[in-house]
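What follows draws every value from the coordinates through simple rules; no lab data is involved. Computed from a predicted model, the values in this text were never measured in an experiment. Please note: Cβ atoms are built from the backbone with ideal geometry, for glycine as well, and neighbour counts cover all protein chains shown.
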Amino acid sequence: MRTWFLQYIKAFHWQARLSYGELLRFMGLSILAYALLVGLMMVGLQLILLTPVIERLTAPGVMAFTSGAVNVFMAVVFIPAGLHGLKTVIYSLASRF
């Protein structure tokens, strides 16, 4: 995961490019990171269900929280993957001319 964090930071630098193999590995690790974040969210919700806090929560509030959290997780994980993919495609097309 250390390489994923380093490549995550490099996604926002235009000069940093990945080969196709590195890009596939980064995308695979991004999917794994997304699954871990969603799993942690599920553990947090399970902890809330087992405490007296659940008496104060409503179903729309929980649904709004979970949908917002999933959207934030998707943005945090998949925007750098998309940037790396875009840079790789642009570089491969530009290097042919």
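Structural remarks
- Mean separation of Cα contacts under 8 Å, 6 or more apart, over the residue count of the range 2-94: relative contact order %: 57
- Max mean-square fluctuation residue, GNM over the chain, Cα-Cα springs under 10 Å, options LEU18, LEU37, LEU47: LEU47
- The fewest-to-most ranking of TRP4, TRP14 by surrounding Cβ atoms within 10 Å reads TRP14, TRP4.
- Degrees, to the nearest 10: 20-49 long Cα axis against longest axis of the chain: 10
- Listed values (1) 22, 15, 12; (2) 27, 22, 21; (3) 37, 13, 9, entry calculated as semi-axes √(5λ) of the Cα gyration tensor in Å: (3)
- Each of HIS13, HIS84 was scored by other Cβ atoms within 10 Å of its Cβ. Arranged with the fewest first, they read HIS13, HIS84.
- The GNM of the chain, with springs linking C-alpha atoms under 10 angstrom apart, assigns the highest mean-square fluctuation among VAL70, VAL53, VAL43 to VAL53.
- Among TYR34, TYR8, sorting on how many other beta-carbon atoms sit within 10 Å of each Cβ, with the fewest leading, yields TYR34, TYR8.
- Phi angles of the range 61-71 translate, via the Karplus equation with coefficients 6.51, -1.76, 1.60 and θ = phi - 60°, into HN-Hα couplings of x, 5, 5, 5, 5, 5, 5, x, 5, 5, 5 Hz per residue; Gly and Pro are given as x.
- Shown in residue order for the range 91-97 are the 3J(HN,Hα) couplings computed by the Karplus curve 6.51 cos²θ - 1.76 cosθ + 1.60 at θ = phi - 60°: 5, 5, 6, 6, 6, 7, 9 Hz (x for Gly and Pro).
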